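Here the structure is laid out as structure tokens; the discussion comes afterwards.
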Amino acid sequence: GPQGVNPEGYMANWDPTQSVPQIREVFGRMSMNDTETVALIGGGHAFGRTHGACPAGPGPAPKDNPYNPWPGLCEEGTYTSGLDGPWTGRPTQWSNDYFNQLLDLEYELVDAPSGHKQYEPVAGQNAPPGIMMLTTDIALTYDDKYKALVEEFAHDITSLEEQFAAAWYKLTSRDMGPVERCVGNLVAPPQPFQYPVEPTTPNATLYAEATALIEQALYQGGSFSDPVDGQNYQGALFVQLAYQCASTFRSTDYRGGCNGAAIRFPPQSEWPVNKNMNLVLEQLGLIKDQLSSDISWADLIVLAGTVALNEAGGLDIPFCGGRGDYQDGSSSENLEPRNYVMDPIINARDNMKVMGLTPEEYAALAGRPRSPAYVTGLGYTGSWTSNPSVFNNTYFQTVLQGDFQFDGIDPSGSGSSALPNMPSIFQEYKADQAFITGFDLPIKYSPILKSISLQYASDERLFKDAFTNAWTKLMNADRFDGPTGNLCH
């Protein structure tokens with residue numbers, strides 16, 4: 001059954017009308033619309049049955065037996081809901097009987113053998129023996145949109161089959177990521193829920209031309225740039241844009257990343273962390289307009305950040321082109337930064353895991369150039385450096401050695417973390433003329449990240465090698481080639 005929907009109704013109150021909003025909310029969290037929701041419920045309930053309760057109960061709770069909680073104390077460890085019966089008279093056959101019986105029969109609330117509440121046909125009707133409905137089933141007839149779909153599927157099994165097939169494929173494939181990760185002869189054409197993006201043909205000549213223009217533009221920024229030696233340096237802003245674009249990648253469901261350049265559109269362009277990134281995109285647009293042939297925005301964003309890093313740090317970070325562009329920002333929905341955990345160390349662990357980074361990679365990327373213009377644009381006083389055109393391991397030395405103290409600035413307005421006087425990811429910390437935020441604190445206080453950072457602080461070559469590998473991995477994380485391959489490897 002759908003996770004989070006109580007089959008006995010909201011708070012087990014057996015009221016179908018109050019169950020409707022919960023159904024819509026839970027299926028909405030799975031990105032299912034009304035048609036998909038009703039098709040999945042009815043198609044799923046065409047088969048099988050619910051089973052009565054195990055009288056002996058579920059067994060020890062997690063706090064009592066954390067290694068084997070709620071094992072079920074009946075035969076083969078069974079523990080069920082206590083609701084009992086099939087939905088149709090043919091529970092081993094595919095049909096649309098579920099929808100017809102919802103419409104054609106009158107139901108009443110009764111006690112299941114376990115004492116739980118369920119609905120059964122009122123006596124005297126021509127109902128298949130033993131069938132029942134849950135409160136959440138009856139709820140589909142108490143909502144105008146849901147009921148219209150129940151009527152459609154009751155009268156047109158072909159429509160049900162088409163809608164159920166599409167919704168089932170979405171339900172079982174959505175955490176696979178783009179269609180490029182799917183294999184086999186049953187793979188459907190790219191679906192909207194996979195956010196397909198048309199790749200471009202890699203063009204080494206074009207990338208070389210773009211690289212030259214980016215190098216020329218590094219010290220020719222506009223009003224939103226960093227003053228360095230009397231020039232408007234924008235290299236650190238190019239790095240930040242590429243990082244913001246690529247760091248949306250989630251290894252948990254293979255969504256996000258810079259392929260498609262969704263950062264150009266809402267909602268991603270409107271996230272607080274992306275404030276003023278539109279101004280950086282405008283500068284890249286000037287470069288794009290000068291090229292002899294078209295380059296995708298996604299490739300240009302990643303290339304600009306990579307060129308800036310190579311120039312600032314004497315690096316040789318490779319670039320793998322061929323990304324395409326989205327036409328809107330729908331792929332960014334629900335990808336916003338997970339900043340609901342205010343504790344800096346826990347937040348870092350969460351980001352590290354979701355992005356699929358090792359502690360060595362996460363720490364290395366923390367040492368990327370930080371643009372004072374970008375940081376002050378977010379509402380902070382400044383950065384840890386006044387010269388972001390130089391890329392070395394100074395970041396780690398500064399953070400590890402500085403006596404950073406909270407200076408009272410928190411642009412988020414969220415205050416401190418859940419515990420009073422505890423650090424928060426959004427707070428600013430000052431040591432002499434260097435400024436960091438709570439996002440930097442794990443470098444200093446997380447035992448794992450600090451041990452790695454100490455090595456980076458004392459060995460610049462080690463840091464730059466680690467950074468090159470981490471940057472390359474993150475920029476190419478969404479360049480899929482089959483379920484485990486990567487186009488750039």
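Cross-link candidates for residue 444: which aspartates and glutamates have Cα within less than 13 Å, leaving aside residues fewer than 8 places away along the same chain?
Excluding near neighbours in sequence, the set is 403.
What Cys residues in the chain have no fellow cysteine's beta-carbon under 4.7 angstrom?
182
Could you work out how much longer the chain between residue 191 and residue 340 gets when fully extended? Use 0.36 nm per residue separation minus the Cα distance between them, nm to one decimal.
50.6 nm
Convert 20 °C to kelvin, take the viscosity as 1.002 mPa s, use the Kirkwood radius over C-alpha pairs of the range 229-288 as Rh, and evaluate the Stokes-Einstein diffusion coefficient in µm²/s, rounded to a whole number.
173
Obtain the nm distance between the two label points defined at residue 93 and residue 294 by a simple spin-label model: each point lies 7 Å from its Cα along the Cα-to-C-beta direction.
So the two model labels end up 5.5 nm from each other.
Compute the acute angle (0 to 90°) between the alpha-carbon long axis of helix 447-458 and the principal axis of greatest extent of the alpha-carbon atoms of the chain; round to the nearest 10°.
20
Tilt of helix 157-173 relative to the longest C-alpha principal axis of the chain, in degrees (0 to 90, nearest 10)?
In the chain, helix 157-173 runs at an angle near 40 degrees to the longest axis.
Would you kindly compute the Cα radius of gyration of the range 355-401 and its largest Cα-Cα separation (Dmax), both in Å?
In Å, with Rg to one decimal and Dmax whole: 11.8, 31.
Between residue 465 and residue 251, what length comes free when the chain is fully extended (0.36 nm per residue of separation minus the Cα-Cα distance, one decimal in nm)?
Length gained between residue 465 and residue 251: 74.8 nm.
Taking a cut-off of 19 Å between Cα atoms, list the lysines near residue 473, but don't count ones fewer than 8 places away on the same chain.
Leaving aside lysines fewer than 8 places away in the same chain, those within reach of residue 473 are 353, 464.
Compute the separation of the alpha-carbon centres of the range 138-166 and the range 1-44 and state it in Å as a whole number.
The two parts, judged by their Cα centres, are 14 Å apart.
How high is the relative contact order of the range 309-455, in percent, with contacts defined as C-alpha pairs under 8 Å that are six or more residues apart?
26
Please determine, in degrees from 0 to 90 and to the nearest 10, the orientation of helix 34-44 with respect to the longest principal axis defined by the Cα atoms of the chain, where the helix direction is its Cα long axis.
Roughly 50 degrees between the two axes.
Kindly state, as a whole number, the per residue volume in cubic angstrom of the convex hull around the alpha carbon atoms of the chain.
Per-residue hull volume (Cα only) is 191 Å³.
In Å and on Cα atoms, what radius of gyration and Dmax does the range 270-426 show?
17.7, 57
Taking only protein heavy atoms into account and a 1.4 Å probe, give the accessible area per residue of the chain in Å².
Averaged over the residues of the chain, the accessible area is 47 Å².
Can you run the Rg to Rh ratio on the range 167-260? Use alpha carbon positions and the Kirkwood inverse-distance Rh.
For the range 167-260, the value is 1.16.
When the Cα centres of the range 427-484 and the range 175-192 are compared, how far apart do they sit, in Å?
Taking the Cα centre of the range 175-192 as reference, the centre of the range 427-484 is 33 Å away.
Which FRET efficiency value, to the nearest 0.05, do you get for residue 220 and residue 169 by plugging their Cβ-Cβ distance into 1/(1 + (r/R0)^6) with R0 = 51 Å?
0.55
Sort 56-66, 471-481, 350-360 for me by packing, meaning the mean count of neighbouring Cβ atoms within 10 Å per residue, highest on top.
Sorting 56-66, 471-481, 350-360 by mean packing, highest first, produces 471-481, 350-360, 56-66.
How do the peptides 400-406, 369-375 rank, highest first, by the average count of neighbouring beta carbon atoms within 10 Å per residue?
Going by the mean number of other Cβ atoms within 10 Å, highest first, we get 369-375, 400-406.
Calculated FRET efficiency, residue 488 and residue 422, Cβ-Cβ r, R0 35 Å, to nearest 0.05?
The computed FRET efficiency comes out at 0.30.
Need the full-extension length gain, residue 103 to residue 386, defined as separation in residues times 0.36 nm minus the C-alpha distance. One decimal, nm.
Value of the extension gain: 94.8 nm.
Would you calculate the separation in nanometres between label points at residue 61 and residue 161, each defined as 7 Å from the Cα along the Cα-to-beta-carbon direction?
4.8
Express the carbon and sulfur contribution to the solvent-accessible surface of the chain as a percent, rounded to the nearest whole number, probe 1.4 angstrom.
That share works out to 52 percent.
The values are calculated or read from the model by the stated rules, or taken from the named source; none is laboratory data. All figures in this text were calculated on a predicted structure; none of them were measured in a lab. FYI the Cβ positions are ideal-geometry reconstructions off the backbone, even for glycines, and counts take in every protein chain you see. These area figures cover heavy atoms from the full protein model, side chains too; ligands, DNA and RNA do not enter into them. Shrake-Rupley method; radii C 1.70, N 1.55, O 1.52, S 1.80 Å.
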